[in-house]
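The values are calculated or read from the model by the stated rules, or taken from the named source; none is laboratory data. Not measured: the values here are computed from a predicted model. Please note: Cβ atoms are built from the backbone with ideal geometry, for glycine as well, and neighbour counts cover all protein chains shown.
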Amino acid sequence: MPRIPTSSYRVQLHAGFTFADACGILPYLKDLGISHVYCSPYMQAAKGSMHGYDVIDQQKVNSELGGEEGQTRFLNTLKELELGQLLDIVPNHMATGAGNRYWWDVLENGPSSRFADWFDIDWNSAEVKLQNKVLIPVLGDQYGHVLNKHEIVLQYDGEAFTVHYFDHVFPLAPRSLAVPLSTAARYINVPILSFVADSLARLPSPDSTDEDVQTARHRDKTILYDLLQRACKEEPDVLAAIMRAVEEINRNVDALDTLLNLQSYRLAYWRTADQELGYRRFFDINTLIGLRVERARVFNATHFRVLHWLRNGDLDGVRVDHPDGLRDPEQYFEWLRSNAPQAWILAEKILQPNESLRPNWPIAGTTGYDFFFAVDFQVGAPAAGLGKGRAGLIGPAAANAGSATGYTAASTFNTCIIATGQCPQLRPDDTGPGGRDPIIGPSGIIQLPPGVDEDNVDTSFATEPLIDEPVTSGGESTLWSPPCDPRHDPEHRCQGTQP
């Protein structure tokens, strides 16, 4: 039975702080009184990712963090210490970088890709040049200028043809390989080379979305690729002829342009993205493409690992990143809830001043941006001349209090969830950067840093819950709890109503 968190500690995993490093701090977190470790996304992300939101494979644990083995050890340590786990998940988008085999397949095969319906792409552009193509705005200059400077090059490594633009690498459409292979076949008399070139040219058009045609196309091109690889290994002259053809195409700008026009993508100047981009992206980040999780098979494929962890107790809950980007957030949460009935589900939802959380979303609530905004207002109120406020709060909101109050409150424990009132007690010697943080003395009374006027600081919370009533401003409540839903609140923790 999943446990409801009483306090959580955010752990940001990356290559410099792996599962093994996280295991090392778990006993300390246990001693602090933390109930749950809240992990940043740890599915396979782009190489070198420092945050994990640029996922490239939702079915693998990030190898840079320690992979499956590292995660297993992390899970075992959590269980030994009786700590729960929350996980940040990213259903809205994926990164388009190297290693995303689904995106690679789309670039290679266009609308006929088995994964074309995974991504939110408009294949029917009003621009003729972009019909059945994906715009890739990565060039540092206009396409023609880049091409004339020979910055775009064709390569072959004995296994696959690729197009390179500095660090960017792209596949070639199967039918377009007839161009370099036919050129190579003119140099040597090896029938298999001509056969593969002709057979690739006869593959179905990449704009076909018929499932049977897609299956046959994928089968045939896989067989032809295998024949070509074997020919290169068994006949050294074949590989030499192909490399010669590649060099010839790279020297001839018109020939390379012809080859690039046969692809299911169009390389373009990066400034064209705002006008011509044909896929949904995360805000204005071109390298994060929208996923269509409203399709059942996409949801299942991208969530089966997380759902397995929720069902077997490895996870108690999830924080869903950016649900506003989804086509149908309510349907998404319903699917998530139906697959994990007992899970503690939160939405990273930024509520506008007059916006309320949708009561029909079957979740526990938001991650608290609206709550922390209200707390920040109270912290900053004295400096802004808006009232006394609570200038000594301990918790996440305190991290932003420095500019308003003149000091930073208890940054040692700024990862506690202050809404629960469960932050651990500070030790007498706990101070923050520069020794400017308030500390709690042996008697449990707040001791302020030098230079802070105690008349302007409310220290009454030292013996009270951090928040014991709605924060108010001008007589109107600015803090509320999400509406109760008995189906998803077995312990009746949800309370309060919308204003």
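Of everything in segment 172-198, what is closer than 16 Å to residue 249 by Cα and either among the polar types (S, T, N, Q) or in contact with a Phe, Trp or Tyr (Cβ under 8 Å, 6 or more places away or on another chain) (or both)? Give them in sequence order.
172, 176, 177, 180, 182, 183
Kindly indicate which of 163, 153 is over 18 Å from residue 227 (Cβ atoms) and in contact with a His (Cβ under 8 Å, 6 or more places away or on another chain). If you could, list the steps in order and put the result at the bottom.
Values: 163 fails: in contact with a His (Cβ under 8 Å, 6 or more places away or on another chain).
None of the other options fit; the residue is 153.
Take residue 169 and tell me if it is surrounded by fewer than 16 Cβ atoms within 10 Å (Cβ to Cβ), modelled with pLDDT of 95 or more, closer than 13 Å to residue 265 by Cβ and of a type outside the set (Gly, Ala, Ser). Before the answer, list the steps.
Working: surrounded by fewer than 16 Cβ atoms within 10 Å (Cβ to Cβ): yes; modelled with pLDDT of 95 or more: yes; closer than 13 Å to residue 265 by Cβ: yes; of a type outside the set (Gly, Ala, Ser): yes.
When the stated conditions are applied, residue 169 passes them.
Enumerate the pairs (first residue in segment 124-139 and within 14 Å of residue 107 (Cα to Cα); second residue anywhere and acidic (Asp, Glu)) with beta-carbon separation below 7 Å, excluding pairs fewer than 6 apart on the same chain, so at least 6 apart or on different chains.
Close Cβ pairs (under 7 Å, with a partner that is acidic (Asp, Glu)) amount to 130/276; 132/207; 135/276.
From the list 231, 184, exactly one residue is modelled with pLDDT of 95 or more and surrounded by 17 or more Cβ atoms within 10 Å (Cβ to Cβ). Which is it?
Numbers: 231 fails: modelled with pLDDT of 95 or more.
Only one candidate passes the filter, namely 184.
When the residues of segment 320-362 are narrowed to those that are among the β-branched types (Val, Ile, Thr) and modelled with pLDDT of 95 or more, which ends up surrounded by the most Cβ atoms within 10 Å (Cβ to Cβ)? Show your work before the answer.
Here is the first cut: in segment 320-362, the ones among the β-branched types (Val, Ile, Thr) are 320, 345, 350.
Still in the running and modelled with pLDDT of 95 or more: 320, 345.
Numbers: 320: 23, 345: 21.
Top of the filtered list is 320.
I'd like the full set of residues that are surrounded by fewer than 16 Cβ atoms within 10 Å (Cβ to Cβ), among the hydrophobic types (A, V, I, L, M, F, W, C) and without any contact (Cβ under 8 Å) to a residue 40 or more places away in the chain, limited to segment 187-220.
201, 216
Can you name every residue in segment 53-66 that is buried (at least 23 other Cβ atoms within 10 Å of the Cβ) and either under 8 Å from the mean Cα position of the chain (by Cα) or under 18 Å from residue 103 (Cβ atoms) (or both)? Talk me through it step by step, then tell me what you get.
So the first thing to find is which residues in segment 53-66 are buried (at least 23 other Cβ atoms within 10 Å of the Cβ), and the list is 54-56, 62, 65.
Of everything in segment 53-66, those that are buried (at least 23 other Cβ atoms within 10 Å of the Cβ) and either under 8 Å from the mean Cα position of the chain (by Cα) or under 18 Å from residue 103 (Cβ atoms) (or both) turn out to be 54, 55, 56, 62.
What do you reckon, is residue 331 within 30 Å of residue 10 (Cβ to Cβ) and not in a strand (DSSP E or B)? Explain how you work it out, then say what you get.
On the way: within 30 Å of residue 10 (Cβ to Cβ): yes; not in a strand (DSSP E or B): yes.
So residue 331 fits the description; yes.
Give me the pairs, please: first residue somewhere in segment 339-351 and farther than 15 Å from residue 319 by Cβ, second residue anywhere and modelled with pLDDT of 95 or more, beta-carbon distance under 7 Å, and either six or more positions apart or on two chains.
Partner pairs satisfying both residue conditions: 339/307.
Quick grid of which residues meet (1) aliphatic (A, V, I, L, M); (2) closer than 18 Å to residue 336 by Cβ; (3) in contact with a Leu (Cβ under 7 Å, 6 or more places away or on another chain):
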{"position": "49", "(1), (2), (3)": "no, no, no"}
{"position": "52", "(1), (2), (3)": "no, no, yes"}
{"position": "64", "(1), (2), (3)": "no, no, no"}
{"position": "85", "(1), (2), (3)": "no, yes, yes"}
{"position": "89", "(1), (2), (3)": "yes, yes, no"}
{"position": "93", "(1), (2), (3)": "no, yes, yes"}
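Output the residue which, of all residues in segment 264-321 that are part of a helix (DSSP H, G or I) and touching a helix residue (DSSP H, G or I) at 6+ places or on another chain (Cβ under 7 Å), is nearest to residue 142 (Cα to Cα). Explain how you work it out, then say what you get.
Quick first cut of segment 264-321, residues part of a helix (DSSP H, G or I) only: 270-276, 296-312.
Subsequent filtering for residues that are touching a helix residue (DSSP H, G or I) at 6+ places or on another chain (Cβ under 7 Å) retains 276, 298-299, 307.
Details: 276: 14, 298: 35, 299: 38, 307: 45 Å.
Looking at the filtered set, the residue picked out is 276.
Could you say which residue among 197, 231, 240, 255 is more than 18 Å from residue 160 (Cβ to Cβ) and either in contact with a helix residue (DSSP H, G or I) (Cβ under 6 Å, 6 or more places away or on another chain) or not in a loop (DSSP other than H, G, I, E, B) (or both)? First the steps, then the outcome.
On the way: 197 fails: more than 18 Å from residue 160 (Cβ to Cβ); 231 fails: more than 18 Å from residue 160 (Cβ to Cβ); 240 fails: more than 18 Å from residue 160 (Cβ to Cβ).
Of 197, 231, 240, 255, the one residue that is more than 18 Å from residue 160 (Cβ to Cβ) and either in contact with a helix residue (DSSP H, G or I) (Cβ under 6 Å, 6 or more places away or on another chain) or not in a loop (DSSP other than H, G, I, E, B) (or both) is 255.
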